[in-house]
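Step one of this worksheet: look at the structure below.
Please treat every number below as a calculation from the coordinates, not as lab data. On a predicted model such as this, the values are computed, not experimentally measured, just so you know. Quick reminder, even Gly has a Cβ in these numbers, built from the backbone with ideal geometry, and neighbours come from all protein chains shown.
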Amino acid sequence: MYPLRCPSHLNPAANMLFNSYSFLFFFLPVAFAGYFLLNGKHLTKLSRLWLVSCSLFFYGWWDPGYLPLILLSIVANFALGTVIGIATEHKRKLLATGICLNVALLCYYKYTGFIVDNVNALLGADIQIAPIVLPLAISFFTFQQIAYLVDSARGETREYDFLNYALFVTFFPQLIAGPIVHHAEMMPQFRKLRNLVVDHANILQGLGLFTLGLAKKVLLADTFAIWANAGFAAPQGIGFAQAWTASLSYTLQLYFDFSGYMDMATGAALLFNIRLPRNFDSPYKSASLQDFWRRWHITLGRFLRSYVYIPLGGSRRGTPRLLGNLFATFLIGGIWHGAGWTFAIWGALHGLGLVVHRLWTMTGRRLPPLAARALTFLFVHCAWVVFRAQSADDALHVLSAMFLKAPSPAGLTLLPLAAILAGLAIVWGLPNAREAVENNKSSSLGATVALAGLACASLIALEIRNASEFLYFQF
Amino acid sequence: MLRNSSTSNSRRKARRWALLLGLVLLGLLLADAALLLYARHRISPNSYVEDAPSKAEHMRLRLGGKRPDIVFVGSSRTLHHISSAVFEQAGWTVYNYGISGHQIVNYPFMAGAAADLKPTYVALGVTISAFANPDIAVPSRPTLADLKALYATGQPLGLLAATTGKWLANLHLLNYYSQVVNLRLRPLFERLDVPLAPEPRRPAKPVDQGERRAAPAPGAAAGTLPAQAAPVPAPGDPCDCTPFERLTDKAGMRIVKCTNGDAILFGSFWVDGKDRSFTWKGFHEPYLALLNHCLDLIRARGARPVVILEPFHRLRGDYDLAAIRKAVRAPVLDFTRFPLPDALWADPEHLNNAGRLVFSRALAEAFAALPR
């Protein structure tokens, strides 16, 4: 029911994660070598077919049973998009059909159990349904394809062939957990001739990003997960220090986990000369909530703005409507994250926060930069407590311990304290991974040796802890 | 000029990423080398590392050229169930070659290593349920000998592929020893996590189904669970062997590893007093083939194979012992229904300190009844 927290039907041992030896030492080298070997022989169609096959293999590794679903979704959306693109009549009806089909598929897999649970609770009914397993990445490939259909209706899709389209949806670095890529930024890259030859600069940058992402995931996120999980497992009666330890650990875990995954995805894509859009830009340095959403899960924000907020009317219909649209957009964004009330509350909190921010901006007043940053971080941090908790009650336990209990160091231990301080110093004081690898000095000998050390440490830690999954897996 | 500069820049980047990958590879090789040295250092007549080749070396060093009477080969159920001291009191020289997590797929190497020491008997420990289980578990640490045995006995393709994959992955020693390293590092991590203030009292968490529960104290009626765990012996309790390592898991179960190859569990957890149903559905032929392969291997090296059917906690159901005795090419000592009260079990799979003594005495008597 809460895939974000517990994708328990997945057997970690059987999964091919970015941070797994089977991906690093088998899948990625084979996919890379095959792609450029075929390109070297000028078999460009075959090379794209190879990449699609590799991506489907990567997807099917988890559960081959869902391969037909993703394939059907790709074929149906491509066909519909093409029809919408060339149709002169009934464009809107065709588009509405396409969107409804995609949303219905997503709702069936993601929200049926949640809806039935709530109907049972509200009406005292006892409706029983067989458990529905959420297909991996369905939230991501559904959104990407909805965008494609909408743009087809707007006449913004070009002459795309099916192979390119299939590669745009399935390209393995972004398939599982995003970023939510847009056809207009991806598909031209697959056709670009310069991208068909090995580019050493991209390989170096890609390996650098991948290494930094791996380190963020394995060394940082997985470590913070220990204290976050411990605190959120039993929030009743949690103490002041423990509540802050658990919540700050989760705030840091989520960032390092998700942005680490994105760095790995971007790095892996760069090996194939494909540039994925930026998805994180030091979000905890944000000076306002609006700024935060320009830095956190940027591609989701972009999708919600283009395909929800603007179609709802955006800021064109006066202030009350604007505020309503903002709130509705973030509520939808919250529900997209998972089938649970905590996600809806989290989305609503962000929606409300943005409404308040907008009203505050209208007054023309400004907070001092440091205070603005601190306030934004505190708000985001408290909202993550709701996001992470198993229920609204649990969230209240943690939040009340953080703010209503008398400050006391009881239960505080050295390691989480030191780690949290170090984690905050990293997110506030250091450049992010992309800035680091784009720095001129990133290809120096010293940087190469440091990266190699970091990669070794991550791989060793990975072996010892065994691969764990990314938080955003089933979104 | 521009082109030359671009080419040289590209070459420099190519050299850089090749260097990066080379250094990573070198780092991993160094980690492997360090682990190899550490494992070698750990193996002595008085200590061992928990994997089949390392414990085989410990067995060789421990016996010091002496021909043992019995070598017990098996999983954690052999490791924790055999008391070497009980056998020694009965005049037997034995070695406990049980290793946690090692099952039938690991037995070819272990049986071979045991038989190489020319003991009178090599006893393989198996459970009754394994005969009928349609799935043979993929071993986490197979050896080449195990892999060869799987191919020789025509095991299912899935098992062959998965075991081959495991074997290849284990060539990287860090992968092979990852569990061991994890076990060693965890206490270090816990020691470093110094409390800065005492922990506040928190309300007791409700007990979920499947959560560890205390066993009834000796003499208490089965199925009635007291609220508190049976008393766990304090550190320093007498063992019948010399400990070289003491571990305590999160639930409080103590494990004492001894210099003679034994390992003892103290306490009683998860023992819920419920029967465990079992339905005999005949043999799973690939399992039987693998077991007989191991028995033949032992016999071919001059030792006498024996199969021990291990005690099964609260078995409900029946099985065809006559068919097993007919199909297995060695004497079968059946302890499946050996009467052992709940208090003698550390958990539903393993006997505790008291249980292993009772079982070992009975097993020694059974061996005494076999022709020498």
**OP:** Please name which of B:Val194, A:Pro29, A:Thr448 has its Cα lying farthest along the dipole of the protein assembly as shown towards the positive end, using unit charges on Cβ (Lys, Arg +1; Asp, Glu -1) and the Cα centre as origin.
**Re:** A:Thr448
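Can you classify the range A:204-303 as rounded, prolate or oblate using the Cα gyration tensor, where a ≥ b ≥ c are the square roots of its eigenvalues, rounded means a/c under 1.5, and otherwise it's prolate if a/b beats b/c and oblate if not? Working shown, then result.
Values: a/c = 3.17, a/b = 1.67, b/c = 1.90.
Oblate.
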**OP:** Report, to the nearest 10°, how far helix B:178-192 tilts away from the longest principal axis of the Cα atoms in chain B, using its own Cα long axis and a range of 0 to 90°.
**Re:** 90 degrees
Original post:
In the calculated pair distance distribution of chain B, what percentage of Cα-Cα distances lie above 30 Å?
Top reply: 46 percent
**OP:** Answer with one residue from B:Thr336, B:Thr279, B:Ala303: the one whose Cα lies farthest towards the positive end of the charge dipole of the range B:241-351, charges on Cβ with Lys, Arg +1 and Asp, Glu -1.
**Re:** B:Ala303
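About the Cα centre, and with charges only on the beta carbon of Lys, Arg (+1) and Asp, Glu (-1), how big is the dipole of chain A? Nearest 20 debye, please. Don't skip to the end; give the middle numbers.
Numbers: 34 positive and 21 negative charges, 285 e Å.
Dipole size: approximately 1360 debye.
What is the dipole size for the range A:201-465, taken about its Cα centre, with +1 at each Lys and Arg Cβ and -1 at each Asp and Glu Cβ, in debye to the nearest 20? Can you show the working numbers first?
Values: 21 positive and 10 negative charges, 206 e Å.
For the range A:201-465, the charge dipole is close to 980 debye.
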**OP:** Could you tell me which of rounded, prolate or oblate describes the range A:12-197, using a ≥ b ≥ c as the square roots of the eigenvalues of the alpha-carbon gyration tensor, with rounded for a/c under 1.5 and, failing that, prolate when a/b is larger than b/c and oblate otherwise?
**Re:** oblate
Original post:
From the backbone phi of the range B:326-332, what are the Karplus-calculated ³J(HN,Hα) couplings (6.51 cos²θ - 1.76 cosθ + 1.60, θ = phi - 60°) in whole Hz, Gly and Pro given as x?
Top reply: 6, 7, 8, 8, 6, x, 10
Original post:
So who's got an amide H within less than 5 Å of the one on B:Ile136, skipping anything under 5 residues away but keeping other chains? H placed 1.01 Å off N, in plane.
Top reply: none
Subject >> DSSP beta bridges in chain B [antiparallel fraction, %, rounded to 5] >> reply: 40 percent
Original post:
To the nearest 10 degrees, how steeply does helix B:353-368 sit against the main Cα axis of chain B, on a 0 to 90 scale?
Top reply: 70 degrees
Original post:
Karplus couplings for the range A:40-49 from phi (6.51 cos²θ - 1.76 cosθ + 1.60, θ = phi - 60°), rounded to Hz, Gly and Pro as x?
Top reply: x, 8, 6, 9, 5, 5, 5, 5, 5, 4
Original post:
To the nearest 20 debye, what is the magnitude of the charge dipole of the range A:12-197 about its Cα centre, counting +1 on the Cβ of each Lys and Arg and -1 on the Cβ of each Asp and Glu?
Top reply: 660 debye
**OP:** Rank A:Asn102, A:Phe303, B:Ile264 by how far each Cα sits towards the positive end of the charge dipole of the protein assembly as shown (+1 on Lys, Arg Cβ; -1 on Asp, Glu Cβ) and give me just the farthest.
**Re:** A:Phe303
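Rank by packing, highest mean first: peptides A:166-176, B:23-33, B:143-153, with packing defined as the count of other Cβ atoms within 10 Å averaged across residues. Before the final figure, lay out the partial values.
Values: A:166-176: 24.5, B:23-33: 15.6, B:143-153: 18.4.
Packing order, densest peptide first, comes out as A:166-176, B:143-153, B:23-33.
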**OP:** Could you state the angle between the C-alpha long axis of helix B:52-63 and the longest principal axis of the C-alpha atoms of chain B, as a value from 0 to 90 degrees rounded to the nearest 10?
**Re:** 60 degrees
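What pairs in B:Lys118/B:Lys148; B:Lys55/B:Lys118; B:Lys66/B:Lys257; A:Lys216/A:Lys285; B:Lys166/B:Lys281 have C-alpha atoms more than 25 Å from each other? Provide the component values of the computation, followed by the final result.
Working: B:Lys118/B:Lys148 22 Å; B:Lys55/B:Lys118 17 Å; B:Lys66/B:Lys257 22 Å; A:Lys216/A:Lys285 17 Å; B:Lys166/B:Lys281 30 Å.
Going by Cα-Cα distance, B:Lys166/B:Lys281 fall outside the 25 Å limit.
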Original post:
Tell me, how many Å apart are the Cα centres for the range A:108-133 and for the range B:330-370?
Top reply: 49 Å
Original post:
Which cross-chain or sequence-distant (5 or more) residues have an amide H under 5 Å from the amide H of B:Tyr121, H modelled 1.01 Å from N in plane?
Top reply: B:Ile70, B:Val71, B:Arg304
Original post:
Can you run phi through the Karplus equation (6.51, -1.76, 1.60; θ = phi - 60°) for the range A:442-454 and list ³J(HN,Hα) in whole Hz, with x for Gly and Pro?
Top reply: 5, 9, 6, 4, x, 5, 5, 5, 5, 4, 4, x, 5
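What chymotrypsin sites (Phe, Trp or Tyr not before Pro) in the range A:15-88 are in a loop by DSSP, with at most 15 other Cβ atoms within 10 Å of the Cβ? Display every interim value, and only then the final one.
Values: sites: A:Phe18, A:Tyr21, A:Phe23, A:Phe25, A:Phe26, A:Phe27, A:Phe32, A:Tyr35, A:Phe36, A:Trp50, A:Phe57, A:Phe58, A:Tyr59, A:Trp61, A:Trp62, A:Tyr66, A:Phe78; in loops: A:Phe18, A:Trp61, A:Trp62.
Of the chymotrypsin sites (Phe, Trp or Tyr not before Pro), not one in the loops of the range A:15-88 has a Cβ with at most 15 other Cβ atoms within 10 Å.
I need the shape label for the range A:201-465. Rule: rounded when a/c is under 1.5, else prolate if a/b > b/c, else oblate, with a, b, c from the alpha carbon gyration tensor.
Numbers: a/c = 1.86, a/b = 1.17, b/c = 1.59.
Judged from the Cα gyration tensor, the range A:201-465 comes out oblate (a/c at least 1.5, b/c at or above a/b).
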Original post:
By DSSP, what percent of the beta bridges with both residues in the protein assembly as shown are antiparallel, rounded to the nearest 5?
Top reply: 40 percent
